[in-house]
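Notes for the one structure printed next.
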Amino acid sequence: MTTSPLDRAADSFAAELARHRTERGLSKKQLATLMGFDPSYVSHVEGRRHRPTEDFARRAEAVLEASGAIWQRFREYDDLRHARSERHHRDLVLPGQWMPPGTGLIVERETAVLTHTEDAYHCVIRRELYNAGTEPVTRYLIRVAVDRYPNDPGRSNRHHREHPLTFAELQLRAYREESGEREAMHWRAKHDRDAFKELWLLFENAERRFPLYPGRRATIEYAYTVGQDKWGPWFQRAVRVPTRHLAVRLDLPAASDPQVWGAETSLSAEEGPLRTAVTRRDEGDRAIFDWATDDPPLNARYRLLWRFRAQQEPEPDGGRVRPSDRMRGLGIVQRGVDLLRQPARPFDLPREERVAREIVDRLVTALARLDELHPFTKGVGIAAPQLDIGRAVAVVRPPDRTVEPVVLLNPRVVDAAPHTDEQYEGCLSFFDHRGLVPRPLRLDVEHAQFDGGRLITSFEFGMARLVAHEIDHLDGKLYVDRMAPGVPLVPIEEYRESGHPWRY
């Protein structure tokens, strides 16, 4: 059966779409959600039952970041579909970012300011909007989320169930500015959860409506307040609308000696440090931290985190010291510190032999001190970044304490068994939880000796798991990055396998 050139072009588009979706590890339903389409539509396009549209192609190209490949297949299809006499009237440029369905809004500039006062956090978000679509915009969706203990989901959930965030306490105020005029905006609740609120800001008030028409610009500003009993030490911005410039400012009390760092994630990259640095300046008794980026990708998330070094937060549960606090007391940095997300720097051996030996001695000493806090019957390892040292070395002690610890200098995995198993792991830098992690049953690792020579060592079962965990640390990864999506962490209070070896 002979197919037409148009059919072949549609088939090529569907194949290109399926290839990029598969390479990104997305299901059809996940891709449809990111594009703003019904899942059945993506399935029908890939199955050749529906022909692609320009809007569909634009969104697929931007979400899958296909470097123009999907868009090119669409142009080839579209050129065959339209007569050449019509084509010169259409401007088919490669889309930089897809437009949200039904709006076509662009955020030309967003400025977010979070101010910490004596007993609350005050947030002001200002967005300069441009309507690049074909329909007037009458509402804008915003979200407010809190997480009192971001490194302890179970504890946060319990806290917010007992102390839910309310619309009343937010004291939300919203305004719209256009051509020098400033008017209050009404709002309407969409979702109401214990730690999450979703609201529509309406381009109207009691006096009149003021839609944002195509080709027009306006600035919206909204502000809300959350008590510090519900706000954890983090502030996140998520890019849900095409955005040209994003700026974040933290205004914190200088007397608390704040330390600020950040992390970012996107559809194409797992969590890593911010690509641009956070800057600080002091103004009187305030410490001002600024961070900004241009043209952030859609669905990217940027999170600023901080801790106040001059004060200790009182612990609930009668002042009980948490396991992570014990680790921190031994000098082991905890999850959230920037260095844990950065690849460690290799040693130049044998030139740096003395430095390498000194760091190994510190790691071995730390292992000895850890024995006073926990039995570690499964064995234990520690990597240099966990002691705030950004060098590529780790020490792993087997469950049998009569065996000498393994020193891994500049390690590199060269082979792994195809078979894996899942076991619960803990981490010295994330010690309040345990997580179910898949690991290969055998690992072949090339690593250096102090004299610069290299050798390959094969590790199996529990030692393979320990070694893989520590090499991940040297690559800037944590075990949570290896867990399957949707698998929950287990609080240490609920974990029942402490003191037992892994089972093989």
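The values are calculated or read from the model by the stated rules, or taken from the named source; none is laboratory data. Predicted model only: the values in this text are computed from it and were never measured. All Cβ positions, even for glycine, are placed from backbone atoms using ideal geometry, and neighbour counts span all protein chains on display.
The table that follows gives values for the structure above.
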| item | result |
| --- | --- |
| Residue tally, condition in contact (Cβ under 8 Å) with a residue 60 or more places away in the chain and either among the hydrophobic types (A, V, I, L, M, F, W, C) or part of a loop (DSSP other than H, G, I, E, B) (or both), over the stretch 197-223 | 13 |
| In the stretch 275-299, residue surrounded by the fewest Cβ atoms within 10 Å (Cβ to Cβ) [restricted to those that are on the phi < 0 side of the Ramachandran plot and modelled with pLDDT under 85] | Arg275 |
| Filtered residue count, the stretch 26-66, keeping only those that are of a type in the set (Phe, Trp, Tyr) and under 25 Å from Ala484 (Cα atoms) | 0 |
| Selection status of Arg412, buried (at least 20 other Cβ atoms within 10 Å of the Cβ), under 29 Å from the mean Cα position of the chain (by Cα) and outside any loop (DSSP other than H, G, I, E, B) | no |
| Enumeration of residues in the stretch 447-504 that are basic (Lys, Arg), surrounded by fewer than 16 Cβ atoms within 10 Å (Cβ to Cβ) and either part of a helix (DSSP H, G or I) or at pLDDT 85 or above (or both) | Arg454 |
| Residues satisfying the stated conditions in the stretch 470-479, i.e. touching a strand residue (DSSP E or B) at 6+ places or on another chain (Cβ under 6 Å) and not charged (D, E, K, R) | Ile471, His473, Leu474, Tyr479 |
| Search result, residues across the stretch 127-153 that are under 14 Å from Ile220 (Cα atoms) and under 23 Å from the mean Cα position of the chain (by Cα) | Arg127, Leu141, Ile142 |
| Members of the stretch 1-53 found to be assigned to a helix (DSSP H, G or I), under 11 Å from Tyr77 (Cβ atoms) and not aromatic (Phe, Trp, Tyr), listed by number | Pro5, Leu6, Asp7, Arg8, Ala9, Ala10, Asp11, Ser12, Ala14, Glu16 |
| The stretch 447-461 - residue that is of a type outside the set (A, V, I, L, M, F, W, C) and touching a Pro at 6+ places or on another chain (Cβ under 7 Å) and, of those, farthest from Glu353 (Cα to Cα) | His447 |
| Test: residue in the stretch 168-191 that is assigned to a strand (DSSP E or B), over 20 Å from Tyr130 (Cβ atoms), at pLDDT below 90 and touching an Asp or Glu at 6+ places or on another chain (Cβ under 9 Å) | yes |
| Checking Phe196 against (1) touching a strand residue (DSSP E or B) at 6+ places or on another chain (Cβ under 6 Å); (2) of a type outside the set (D, E, K, R); (3) on the phi < 0 side of the Ramachandran plot; (4) at pLDDT 90 or above, the condition it does not meet | (4) |
| Filter result for the condition that a residue is out of contact with any Lys or Arg (no Cβ under 6 Å at 6 or more places or on another chain), surrounded by fewer than 20 Cβ atoms within 10 Å (Cβ to Cβ) and of a type in the set (Lys, Arg), over Arg362, Arg345 | Arg362 |
| Filter result for Leu436 (in contact (Cβ under 8 Å) with a residue 60 or more places away in the chain, within 28 Å of Arg328 (Cβ to Cβ) and among the hydrophobic types (A, V, I, L, M, F, W, C)) | no |
| Some residue of the stretch 255-267 being more than 24 Å from Ala132 (Cα to Cα), surrounded by 15 or more Cβ atoms within 10 Å (Cβ to Cβ) and in contact with a His (Cβ under 9 Å, 6 or more places away or on another chain) | yes |
| Scope the stretch 333-377; condition assigned to a helix (DSSP H, G or I) and at pLDDT below 85; matching residues | Ala368, Arg369, Leu370 |
| Sole residue being of a type in the set (S, T, N, Q) and closer than 23 Å to Pro150 by Cβ, chosen from Thr276, Thr243 | Thr276 |
| Leading residue by the ranking (farthest from Arg216 (Cα to Cα)) among those in the stretch 154-188 that are of a type in the set (Ser, Thr, Tyr) and more than 28 Å from the chain's Cα centre (by Cα) | Tyr175 |
| The lone exception for Asp194 - which of (1) buried (at least 16 other Cβ atoms within 10 Å of the Cβ); (2) in a strand (DSSP E or B) it fails | (2) |
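Residue by residue, here is whether (1) surrounded by fewer than 16 Cβ atoms within 10 Å (Cβ to Cβ); (2) in contact with a Pro (Cβ under 7 Å, 6 or more places away or on another chain); (3) under 25 Å from Ile106 (Cβ atoms) holds:
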| site | (1), (2), (3) |
| --- | --- |
| Arg182 | yes, no, yes |
| Trp187 | no, no, yes |
| Leu202 | no, no, yes |
| Leu212 | no, yes, yes |
